[in-house]
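Pasting a structure below so you can have a look.
The values are calculated or read from the model by the stated rules, or taken from the named source; none is laboratory data. Owing to the predicted nature of the structure, the values given are computational and were not obtained by experimental measurement. Using ideal geometry, Cβ is built from the backbone for each residue, glycine included, and neighbour counts are taken over all protein chains shown.
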Amino acid sequence: MSDKRKDQYASAIFEIATAEGNIDKISGELYAFSQALEKSRELYVSLSDNSIPFEKRNQIVLDLLSNKASAATLGVIVMLVSAGRIKDLPDISKELSVKVAEQQEKEVAYVRSAVSLSDEQLKKLREALNKATNKQLDLKVTVDEELLGGITATIGDTVIDGTVKSRLQKLREKLEAKQ
Amino acid sequence: MRAFNAATIFAAEAPNGNFLPGDINEFYWGSAAFLVVVAFLLWKVRPSIVKMFKKSNEQTKNEVEWAQNAADDAQCEFSEFKSKLGDISSEREQILTEARESAQNLEEELKQKAHQDAEEVKTRFSHDTELSRVQAQNEVKQQLARVALTAAENIVADSLDEKTHDQLLDDYISSNLKKANN
């Protein structure tokens, strides 16, 4: 899918979410589902394979999200599956997050954490990153166990890395550089 | 004397008692005839014989002269040949000397080349050996680093409990706050 079309999808979803008056929730749910889609190869293949009947793919989405996501989010995902665009959800979701953040005069910070964060931790983290970057940030958090521990945040071109994995990587580079 | 005595005896024994046998007139006529023959021969044959001798003499003289000339030529050629032989000998010596010098130079060049090649091979071998040693060392170090890092990752992953995760998050937040304050 071209960037223009992704942007058009993101704009349409943004309009729907705005009309629903639940833009943060819909945007957050779509982002969370896109992360799940990126992590699970099986889910990605099942939903993006057009040879599987639409009803079956639709049922998978309903089974996964019917009690966890809002009706608007569910409707958007079902629409993307039926249009054969579900594989573009990660990009559309990011574009939507940017639009939402822009509307709120914020910037999106993509946070990856080794463990899930509590609301209080999220609040502290948001405040700290807001102060560090001198911007109002909308955090999009993903749990990534491969980081081993710690957090990394990407705001635009800036990466603030505090993960155990990156520290070990630096240690490896130092060891190899000494040779 | 003995011959005179023998002739006297021979004459005494002859039928006419003379020294010459037979009639004395025969002797005169015979002698006259002989003289006539001799005179005839001297008159007719002698010039031819003299001419023949002269011719023969001339021919012999020419032949002697030719032989003399041939001998002189031969002598000249011999001298020339000898001289050439001398030149050849000297040239041969020169060629031999040059050949010896060339051979010595070639030998020196070959020795130097062999020495240089040996040095190059030695240097290359030494360089390759050093390179291999460094590579092996680096590979071992990288391997050790990988093993150490993998072990460290495993240890860290096992030792990271909820409290440590919270601590890491707090460190991250405080580090960002410090940056903001600075």
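Which condition breaks for A:Thr163 when tested against (1) more than 18 Å from A:Lys39 (Cβ to Cβ); (2) within 11 Å of another protein chain (Cβ to nearest Cβ)?
Among (1) more than 18 Å from A:Lys39 (Cβ to Cβ); (2) within 11 Å of another protein chain (Cβ to nearest Cβ), A:Thr163 violates only (1).
To continue, here is another question. Is it the case, given these coordinates, that A:Val108 is under 19 Å from B:Ser174 (Cβ atoms) and more than 11 Å from every other protein chain (Cβ to nearest Cβ)?
Working: under 19 Å from B:Ser174 (Cβ atoms): no; more than 11 Å from every other protein chain (Cβ to nearest Cβ): yes.
Against the criterion (under 19 Å from B:Ser174 (Cβ atoms) and more than 11 Å from every other protein chain (Cβ to nearest Cβ)), A:Val108 does not qualify.
Looking only at region A:19-67, which residues are surrounded by 19 or more Cβ atoms within 10 Å (Cβ to Cβ) and either part of a loop (DSSP other than H, G, I, E, B) or in contact with a strand residue (DSSP E or B) (Cβ under 8 Å, 6 or more places away or on another chain) (or both)?
Within region A:19-67, A:Gly28, A:Tyr31, A:Gln35 qualify.
Going through region A:128-157 one residue at a time, which ones are more than 11 Å from every other protein chain (Cβ to nearest Cβ), in contact with a helix residue (DSSP H, G or I) (Cβ under 7 Å, 6 or more places away or on another chain) and farther than 22 Å from A:Asp24 by Cβ?
none
Exactly one condition in (1) outside the structural domain of A:Arg5 (by TED's automatic domain parsing); (2) closer than 30 Å to A:Glu15 by Cβ; (3) modelled with pLDDT of 90 or more is not met by A:Gln121; state its number.
(2)
Let me ask something else. Using the structure shown, decide if B:Asn18 is modelled with pLDDT under 85 and part of a helix (DSSP H, G or I).
Working: modelled with pLDDT under 85: yes; part of a helix (DSSP H, G or I): no.
In short, no.
If you don't mind, there's one more thing I want to ask. Using the structure shown, decide if A:Lys174 is farther than 25 Å from A:Ser40 by Cβ and either at pLDDT 90 or above or not in a helix (DSSP H, G or I) (or both). First the steps, then the outcome.
Details: farther than 25 Å from A:Ser40 by Cβ: yes; either at pLDDT 90 or above or not in a helix (DSSP H, G or I) (or both): no.
For A:Lys174, the condition - farther than 25 Å from A:Ser40 by Cβ and either at pLDDT 90 or above or not in a helix (DSSP H, G or I) (or both) - is not met.
Search region A:116-127 for residues being closer than 14 Å to B:His165 by Cα and part of a helix (DSSP H, G or I), and hand back the single one that is farthest from the other protein chains (Cβ to nearest Cβ). Don't jump to the end; show me each part of the working.
First, pick out the residues of region A:116-127 that are closer than 14 Å to B:His165 by Cα: A:116-118, A:121-122, A:125.
Retained after the next criterion (residues that are part of a helix (DSSP H, G or I)): A:121-122, A:125.
Values: A:Gln121: 6, A:Leu122: 10, A:Leu125: 6 Å.
Ranking the qualifying residues of region A:116-127, first place goes to A:Leu122.
Looking only at region A:122-179, count how many residues are farther than 30 Å from B:Val140 by Cα, in contact (Cβ under 8 Å) with a residue 24 or more places away in the chain and not charged (D, E, K, R).
Number of matching residues: 19.
For the subset of region B:150-182 comprising residues that are more than 8 Å from chain A (Cβ to nearest Cβ) and in a loop (DSSP other than H, G, I, E, B), which member is farthest from A:Leu148 (Cα to Cα)?
Among residues in region B:150-182 that are more than 8 Å from chain A (Cβ to nearest Cβ) and in a loop (DSSP other than H, G, I, E, B), the one farthest from A:Leu148 (Cα to Cα) is B:Asn182.
Another one. Return yes when A:Lys123 is of a type in the set (D, E, K, R) and crowded, with 20+ Cβ neighbours inside 10 Å and no when it is not. Give the steps one after another, and end with the answer.
Values: of a type in the set (D, E, K, R): yes; crowded, with 20+ Cβ neighbours inside 10 Å: no.
Answer is no for this residue.
Can you name the condition, by its number, that A:Lys87 falls short on among (1) over 30 Å from B:Ser159 (Cβ atoms); (2) part of a loop (DSSP other than H, G, I, E, B); (3) not aromatic (Phe, Trp, Tyr)?
For A:Lys87, the failing item is (2).
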